Amino acid sequence: MSQVHPVSAPATANDTAAAAALVERFLVASMVPDPETAATYMAPDVAITFTGGRKFTHPRDATAFNARRYKWVKKKMERTDVAPGDGETVVYNTGTLYGEWPDGTPFEGNRYVDRFVVRGGKIVKMDVWNDSAERLLTQRGIEA
């Protein structure tokens, strides 16, 4: 006997626009940094994975990690792409990082890609990739 599985309604243009706006508001709060406001855009059981496979469960953990890696860091958001799906929307935000390394050396043009899964109006998953490790290796004369 076959089972009937409920099918979610396809995402509308309003859903995709709302998901993109939610992610951008989250990123702005993250750059302040204001991890408590950033957390309001995320589900309580959010899964956050940073470059290198570092796992976090709250934006405050990511903020603490960034405080060790950078003196300060901001994103120059260049593009937000949205892929609607059944019951969830995937949002990619790409651009470059700029700021200062812990020793005060400025940097810019450090590429990043952030991938978000939005479900029920909240971010449920966030994956972060950037060139910081490569840039630090190069800065120390180590070619990867």
Completion exercise
Among Gly99, Gly95, Gly109, Gly104, the single one that is within 19 Å of Arg68 (Cα to Cα), part of a strand (DSSP E or B) and among the small types (Gly, Ala, Ser) is Gly99
Exercise for the section: Could you check, for region 91-98, whether at least one of its residues is β-branched (Val, Ile, Thr), under 12 Å from the mean Cα position of the chain (by Cα) and surrounded by fewer than 18 Cβ atoms within 10 Å (Cβ to Cβ)? Expected result: yes
Problem - Meets criteria (in a strand (DSSP E or B) and crowded, with 19+ Cβ neighbours inside 10 Å) for Phe26 - result: no
Handout entry: Residue that is at negative phi, touching a strand residue (DSSP E or B) at 6+ places or on another chain (Cβ under 8 Å) and at pLDDT below 95, where the choices are Pro10, Pro102, Pro6
Key = Pro10
Practice task
Search region 49-63 for residues being in a helix (DSSP H, G or I) and of a type outside the set (D, E, K, R), and hand back the single one that is farthest from Asn130 (Cα to Cα).
Solution key: Pro59
Problem - Within region 101-126, considering residues that are within 19 Å of Ala29 (Cα to Cα) and without any contact (Cβ under 8 Å) to a residue 60 or more places away in the chain, the one nearest to the chain's Cα centre (by Cα) - result: Arg115
Problem - Hits in region 39-65 - residues which are of a type in the set (S, T, N, Q), within 21 Å of Ala19 (Cα to Cα) and in contact (Cβ under 8 Å) with a residue 60 or more places away in the chain - result: Thr49
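The values are calculated or read from the model by the stated rules, or taken from the named source; none is laboratory data. What you see is a predicted model, and the numbers here were worked out from it, not measured in a lab. A quick note on method: Cβ atoms are made from the backbone with ideal geometry, for glycine too, and the neighbour counts reach across all protein chains shown.
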